[in-house]
4 protein chains.
Amino acid sequence: MANFKGHALPGSFFLIFGFWWSVKYPFKHACRKNRKVCSSGSKVGLQRMEIIEGATKAAFALIGMIAEQFVPDGPHLRLYNYEEKQWSHLMNWQHSTMYLFYGISGIVDIITHTTKVVPVAIDRLMLSIAVFIEGFLFYYHVHGRAMLDVHIHLLLLVAVFAGALCVFLEVFHRGNIILELFRTSLCILQGSWFWQIGFVLYPPGGGPEWNQMDHNNMLFITMCYCWHYAFALLIVAINYGIITWLVQIKMKKVEPIQMGLLKSREREEESEDEI
Amino acid sequence: MANFKGHALPGSFFLIFGFWWSVKYPFKHACRKNRKVCSSGSKVGLQRMEIIEGATKAAFALIGMIAEQFVPDGPHLRLYNYEEKQWSHLMNWQHSTMYLFYGISGIVDIITHTTKVVPVAIDRLMLSIAVFIEGFLFYYHVHGRAMLDVHIHLLLLVAVFAGALCVFLEVFHRGNIILELFRTSLCILQGSWFWQIGFVLYPPGGGPEWNQMDHNNMLFITMCYCWHYAFALLIVAINYGIITWLVQIKMKKVEPIQMGLLKSREREEESEDEI
Amino acid sequence: MANFKGHALPGSFFLIFGFWWSVKYPFKHACRKNRKVCSSGSKVGLQRMEIIEGATKAAFALIGMIAEQFVPDGPHLRLYNYEEKQWSHLMNWQHSTMYLFYGISGIVDIITHTTKVVPVAIDRLMLSIAVFIEGFLFYYHVHGRAMLDVHIHLLLLVAVFAGALCVFLEVFHRGNIILELFRTSLCILQGSWFWQIGFVLYPPGGGPEWNQMDHNNMLFITMCYCWHYAFALLIVAINYGIITWLVQIKMKKVEPIQMGLLKSREREEESEDEI
Amino acid sequence: MANFKGHALPGSFFLIFGFWWSVKYPFKHACRKNRKVCSSGSKVGLQRMEIIEGATKAAFALIGMIAEQFVPDGPHLRLYNYEEKQWSHLMNWQHSTMYLFYGISGIVDIITHTTKVVPVAIDRLMLSIAVFIEGFLFYYHVHGRAMLDVHIHLLLLVAVFAGALCVFLEVFHRGNIILELFRTSLCILQGSWFWQIGFVLYPPGGGPEWNQMDHNNMLFITMCYCWHYAFALLIVAINYGIITWLVQIKMKKVEPIQMGLLKSREREEESEDEI
């Protein structure tokens, strides 16, 4: 949907996932270090969490597809307009296709974590493919529009392709906290940028329109994109800090003596890392 | 051959190989987990299978080269037309060259698996080179044609270069089931897309021609490419499911008790993977 | 600041860091081999060094941002000029944004090496992001200027993106001396090239202006860039030699006998490496 | 030198190195497997070989630089023509710069293998940089020439950048026979392609000139490039076969019994690889 809501919807999806990941991965990382805190039942819990995450992803994708198809000016599942002898609402169909692959990724997540026959890394491969397909379709999507419109969409591709690459690397470096946080920040960036696109191209509340041909607007938008990323990094950093602090408080309550020992051992390990 | 058959032939080759791989790799993966099922003689059997695969690849390449050279309007091995002072049937020669490298890859496969003096990973390097050469030639091949014709061929390059990269990664991560399945899906995509190209550019049975200059057709074709890939993923998933299911049935018959033990051990290993 | 000083300032920053790294990393490498020389207290010392480095980076970034904002013809923190209804001093704002990310990188360095809760590799990821953002902004920055101006800035991107890639690889290969020296040489290249840009585009002392449209100037500048890199490699090589030589002299003084033993053992290890 | 000899000279250098590597790496690989054959003194021998190789590389680079500078229509070390107020013989200077980096690479090779203070992988990094610089300069070098001239030079870049990447990977995978053979084949390709460029652009013996604007010539040249690579692969394969065969013959003479044991052990290792 080429309107404000059509950008706010995926933006919200990405923001929700980015925010959730910025809580989940620091927590998992803290758990990996302090096994005592995240004790019994956590394995089953983590697995259930993954399944719910996959189901949420699939549900978001379904909502997106339905919204694209059944808005008043949508295609209502009709692909070809036989009266006018041309394709019907190709934009909506392309958006549906993007959602479709995220849906497949969600389903693969569920299958991976419920059965044991599928290699676990397949969920990352499928997510990487979904993100790549999004970028691939966007690349051809904006062909022939106004300069600012094209530029603002193409900027998104930096986050998209970096995200696809990052997730693909996770196939080989599963559980690497650096890559997970990087992916999280890119996901938040995508989310907030979708909102930004909505505000720039379809100013809500009848605000003043942006001059699509002004070169200065392009320069500003490029810089603005970097600020969005700084903002995304800030959110990840704050959530990382809060989660780590909460886990440490809980840790101190549980076993004050044993932890002291663990801590000193840890410190040694880390300092050896550096040399 | 710039006609329907010239696209259906390689399309069929890729489909056959993609389909075969979607059976072979899940089976090998299942065997790796349950050594009892794929018991004695399997090593020799697997090796023989690889040799047959290489021979088939070389045979397909030979068929392709002969077809390109000796169709009625082909070059019949003549490279330069001295009467007209120009190159003769360069398109057919380029196709022959593409087939040639797949042929070399097939021969290298056979050598790798019959003798012991060649490092095994050389078969992947050679396949990667063959796929890359295909993409390299295609890239310059379509220069100066109609817009849709160019676009539909260039889309193929995404699958080709992704395939070349994937196979190159297999040089270092041999036997990685994720990469093998990824390669399989890209191979099926190539196969089905060759058929699609044939149907779009040379509608068989005198169907209506596509408007090569319509921008909407380009948008549709791009999206259609993604659907082909979703279809390729579906085939891989279904075959993976069937093969795993068949192996598990056989496993239960063979040694019902021992397997139970193995299964529980496996589960522990996998869950440690996740944390 | 589009003047000589605006290029000399970042140039000096990069040169200082490049030169410092060309001393630091060979020293760390020599220490790793001869643990006796860099004895007790060195762990704490190395950590303090990293913190000071991070603080310096952040300070340089702050200086850069203040300089860009508060030069006489700067924006003085005003982003939008309401009188003229346009963005105010976008170039200075873009430069400030580049400095901002280096500032974030510096702060992350400090946090990483003072607390123990953050995974160490995050400092490299953040540096890689900062370098990438610099290149990303530069890419759109020079749009629409004279040919030589564009070319001389785009050449910089080779060093920038190679640097970003190199630092990203360090996330996975931390402490790899090869990558560290490679990064050092690219950093010196950036520094000296910023000075070169200043001299070419804004000849100080009223020297003759360069013809911005002469194709030969472009060819010369491209070659000159390679010479700068040869010069950067030379600096790294000389500093590497001096540091290694100084460490070996100190080593001989400390424990002449024990070292002899160590040395012969080392030689064996290395030669096995080669085979 | 923009003439036949100016292309034949580097072509010969690359061919000599490619041919030498196609003998050296299979031999090293065979030695790694059969330690008995390449017995005592081989370590020192291998090291001496590396030093000679580095010296040869540096000598070739020096010859190239001298040839470019002191041919009759060369710059004779003069960079700026003050009479005509323009750069003097920039093409020759660019070629000299390319040779310069290969020279540095040769010197680094010598230093790496004579002293023990330098990490060994630095020789590959430096070679990778040298190859990249060659490609980088070539990319801007051909700007503004005739279509076929540009195309035939840009084709070279595929081999150059693939070579740079391959050598860079060797920094992390030193001694990987697959990468070494791949590099060898790309080196031979470069060598034979330089000769081809010479024959096409400056037909010796007053042969007919090629039409630089004929699209068919471009298509043919692209295909021809692939044939050159097939030829390069063939040379590598033949030399690999001969060397392996010679080593095996020698092996059988030396210790017929012991080898049999080794061979069967080897076979087991390899077949485990496959599963």
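The values are calculated or read from the model by the stated rules, or taken from the named source; none is laboratory data. All values reported here derive from a predicted model rather than from experimental measurement. Neighbour counts run over all protein chains shown; Cβ positions are idealised from the backbone, glycine included. Ligands, DNA and RNA are stripped out before the accessible areas are found, and what is left, the full protein with its side chains, is counted by its heavy atoms. Shrake-Rupley method; radii C 1.70, N 1.55, O 1.52, S 1.80 Å.
For the reader, a short list of remarks on this structure follows.
Here's the yes/no breakdown for (1) out of contact with any helix residue (DSSP H, G or I) (no Cβ under 6 Å at 6 or more places or on another chain); (2) open to solvent by 10 Å² or more (accessible area, probe 1.4 Å); (3) within 13 Å of chain C (Cβ to nearest Cβ):
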residue	(1), (2), (3)
D:Asp123	no, no, yes
D:Met126	no, yes, yes
D:Tyr139	yes, yes, yes
D:Gly144	yes, yes, yes
D:Ile152	no, no, no
D:Leu155	no, no, no
D:Ala159	no, no, no
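- Checking each residue in region A:93-107 for being open to solvent by 30 Å² or more (accessible area, probe 1.4 Å) and facing another protein chain (nearest Cβ under 9 Å) picks out A:Trp93, A:Leu100, A:Ile104.
- Region A:204-215: number of residues that are within 14 Å of another protein chain (Cβ to nearest Cβ) and surrounded by 17 or more Cβ atoms within 10 Å (Cβ to Cβ): 1
- C:Val117 meets the conditions (1) open to solvent by 10 Å² or more (accessible area, probe 1.4 Å); (2) within 19 Å of C:Lys57 (Cα to Cα); (3) facing chain A (nearest Cβ under 9 Å); (4) not basic (Lys, Arg) in every case but one. The failed one is (2).
- Listed conditions (1) within 11 Å of chain B (Cβ to nearest Cβ); (2) modelled with pLDDT of 80 or more are all met by D:Ile235, apart from (1).
- Region B:172-187, residues that are assigned to a helix (DSSP H, G or I) and within 14 Å of chain A (Cβ to nearest Cβ): B:Phe172, B:Ile177, B:Ile178, B:Leu179, B:Glu180, B:Leu181, B:Phe182, B:Arg183, B:Thr184, B:Ser185, B:Leu186
- Restricting region C:171-203 to residues that are open to solvent by less than 20 Å² (accessible area, probe 1.4 Å) and hydroxyl-bearing (Ser, Thr, Tyr), the residue that is nearest to the chain's Cα centre (by Cα): C:Thr184
- Filter pass, B:Leu137 being within 19 Å of B:Asn3 (Cβ to Cβ), free of Cβ contacts under 8 Å to residues at least 60 places away in the same chain and either in a helix (DSSP H, G or I) or not β-branched (Val, Ile, Thr) (or both): yes
- The set of residues in region A:223-232 being in contact (Cβ under 8 Å) with a residue 12 or more places away in the chain and either more than 9 Å from chain C (Cβ to nearest Cβ) or in contact with a Ser or Thr (Cβ under 9 Å, 6 or more places away or on another chain) (or both) consists of A:Cys224, A:His228, A:Tyr229, A:Phe231, A:Ala232.
- Search result, residues across region C:78-92 that are within 14 Å of chain A (Cβ to nearest Cβ) and either part of a helix (DSSP H, G or I) or not basic (Lys, Arg) (or both): C:Leu79, C:Tyr80, C:Asn81, C:Tyr82, C:Glu84, C:Gln86, C:Trp87, C:Ser88, C:His89, C:Leu90, C:Met91, C:Asn92
- Against the numbered list (1) open to solvent by 20 Å² or more (accessible area, probe 1.4 Å); (2) within 19 Å of A:Glu50 (Cβ to Cβ); (3) not hydrophobic (A, V, I, L, M, F, W, C), A:Glu84 comes up short only at (2).
- Residue check, C:Asn217 modelled with pLDDT under 85 and either outside any helix (DSSP H, G or I) or over 20 Å from the mean Cα position of the chain (by Cα) (or both): no
- Considering region C:193-203, and only residues there that are in a helix (DSSP H, G or I) and over 16 Å from C:Leu15 (Cβ atoms), the residue that is farthest from the other protein chains (Cβ to nearest Cβ) turns out to be C:Leu201.
- Test: residue in region A:39-53 that is within 23 Å of the chain's Cα centre (by Cα), open to solvent by less than 30 Å² (accessible area, probe 1.4 Å) and among the basic types (Lys, Arg): no
- For D:Trp210: the one exception among (1) in contact with a Pro (Cβ under 9 Å, 6 or more places away or on another chain); (2) modelled with pLDDT of 90 or more: (2)
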